[in-house]
Amino acid sequence: MSSPSSFPISFEFFPPKTPEGAEKLRKVREDLYALNPQFFSVTYGAGGSTQDGTLQQVQSILQDGHDAAPHFSCIGTTRETVRQQLSVFKAAGIRRMVALRGDLPSGHGTFGEFRYASELVACIRQESGDHFHIEVGCYPEVHPQAKSPQADVQAFVTKIKAGANSAITQYFFNSDAYFRFVEEAYRLGADVPVVPGIMPITSSSQLMRFSDACGAEIPRWIRLRLQSFGDDTASIKAFGLEVVSDLCEQLRNGGAPGLHFYTMNQSAAVTAICKNLGLA
């Protein structure tokens, strides 16, 4: 059995929109602190357009004595607004961030000064040197908007060469896709840790919806098994725990540098997976 700190894990939250959600997340954070994660990341949340909720969560986690990284999107921004945001991050004691292109908000017709995450990474490095550890995203199963798989890997390599320290993947259920992506990126010069993003399976309909939106493939055998359970939540969760634990074990045994869990602001499923891996 590994000790909690022997294999790096990290967790992602989204900012809650209600006082009840905030209280629930506070308890979830307490549960996950016990697993001694390397850091927590905090997204903008669904349709998020400001950093306010993100920054509040990051500051709370930092005040609790744990490392935290805000997501930082460049769509619709300018170099000046990036400069201002970096000052806010520095003042808050933030040393790590996840730099992303982000989605163009509805009603906005322009990208702003940045079209790609690689341009944001380069700007952060120009403005703040090595102050921040910069994570970027990548898609082992190819970004839904990529021109081709080759173009997608090249776009990732460009982000690394712009100054990113490491990467977190979109979730997937096929470890071969991950290992092939990492190998291709390495051959093209991206010599940084690429941490697999892990999505626990707790709800069939939720998983289908998310996967359709982000381009993650659910293997046919998993999809059919989930459908066969119908509304039997206990069976879905038990099957999901087994499948995702096996995936994590494959990744760890194959040399993945860590695991980044998409928690959906819940602790039970990721804690159970970590227990199966000897990390809790």
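When you scan the stretch 205-225, do you find a residue that is under 27 Å from SER267 (Cβ atoms) and assigned to a strand (DSSP E or B), even just one? No; the residues of the stretch 205-225 include none that is under 27 Å from SER267 (Cβ atoms) and assigned to a strand (DSSP E or B). Among residues of the stretch 76-92 that are assigned to a helix (DSSP H, G or I), those with a beta-carbon under 8 Å from a residue that is at pLDDT 95 or above and among the small types (Gly, Ala, Ser) at least six positions away or on a different chain give the pairs LEU86/SER128; LYS90/SER128. Within the bounds of the stretch 185-194, is there any residue that is over 17 Å from the mean Cα position of the chain (by Cα), touching a residue at least 12 places away in the same chain (Cβ under 8 Å) and assigned to a helix (DSSP H, G or I)? Yes: one or more hits. Quick one: would you say SER41 is assigned to a helix (DSSP H, G or I) and either polar (S, T, N, Q) or surrounded by 14 or more Cβ atoms within 10 Å (Cβ to Cβ) (or both)? Taking the combined requirement at face value, the residue does not satisfy it.
Of the residues making up the stretch 141-156, those that are among the small types (Gly, Ala, Ser) and either surrounded by fewer than 18 Cβ atoms within 10 Å (Cβ to Cβ) or under 20 Å from ASN174 (Cβ atoms) (or both) are ALA146, SER148, ALA151.
Just one of the listed residues (PHE261, PHE181) is more than 30 Å from LEU25 (Cα to Cα), touching a residue at least 40 places away in the same chain (Cβ under 8 Å) and of a type in the set (Phe, Trp, Tyr), and it is PHE181. Determine if the stretch 166-183 includes at least one residue that is in a helix (DSSP H, G or I), at pLDDT 95 or above and basic (Lys, Arg). Checking the stretch 166-183: at least one residue is in a helix (DSSP H, G or I), at pLDDT 95 or above and basic (Lys, Arg). Please specify each residue of the stretch 45-66 satisfying the condition of being touching a helix residue (DSSP H, G or I) at 6+ places or on another chain (Cβ under 8 Å), part of a loop (DSSP other than H, G, I, E, B) and modelled with pLDDT of 95 or more. Matches in the stretch 45-66: ASP64, HIS66. Residues that are out of contact with any helix residue (DSSP H, G or I) (no Cβ under 7 Å at 6 or more places or on another chain) and among the hydrophobic types (A, V, I, L, M, F, W, C) within the stretch 183-198 comprise just one, VAL195. Taken over the stretch 1-20, the criterion of being assigned to a loop (DSSP other than H, G, I, E, B), at pLDDT 80 or above and surrounded by 12 or more Cβ atoms within 10 Å (Cβ to Cβ) is satisfied by PHE7, PRO8, PHE14, PRO15, PRO16, LYS17.
Residue count for the stretch 186-238 satisfying the condition of being over 25 Å from GLY137 (Cβ atoms), of a type outside the set (S, T, N, Q) and surrounded by 11 or more Cβ atoms within 10 Å (Cβ to Cβ): 7. Scanning the stretch 195-230 for residues that are touching a Pro at 6+ places or on another chain (Cβ under 8 Å) and farther than 20 Å from ILE273 by Cα yields a count of 2.
Selection of the stretch 102-140 for residues being part of a loop (DSSP other than H, G, I, E, B), surrounded by fewer than 22 Cβ atoms within 10 Å (Cβ to Cβ) and modelled with pLDDT of 95 or more yields GLY129, ASP130, HIS131.
Determine if the stretch 233-243 includes at least one residue that is modelled with pLDDT of 95 or more, in a loop (DSSP other than H, G, I, E, B), more than 21 Å from VAL195 (Cα to Cα) and not polar (S, T, N, Q).
Of the residues in the stretch 233-243, the ones modelled with pLDDT of 95 or more are 233-243.
Imposing the further condition that a residue be in a loop (DSSP other than H, G, I, E, B) reduces the set to none.
No - not one qualifying residue is present in the stretch 233-243.
Cβ separations smaller than 6 Å between residues 6+ apart or across chains give the following pairs from the stretch 241-253 residues that are under 14 Å from LYS275 (Cα atoms) to residues that are in a helix (DSSP H, G or I) and modelled with pLDDT of 95 or more: LEU241/ALA272; VAL244/ILE273; SER245/ILE273; SER245/ASN276.
The values are calculated or read from the model by the stated rules, or taken from the named source; none is laboratory data. Just so you know, these numbers come straight off a predicted model, no measurement behind them. Here Cβ is always computed from backbone atoms with ideal geometry, including for glycine, and neighbour counts include all displayed protein chains.
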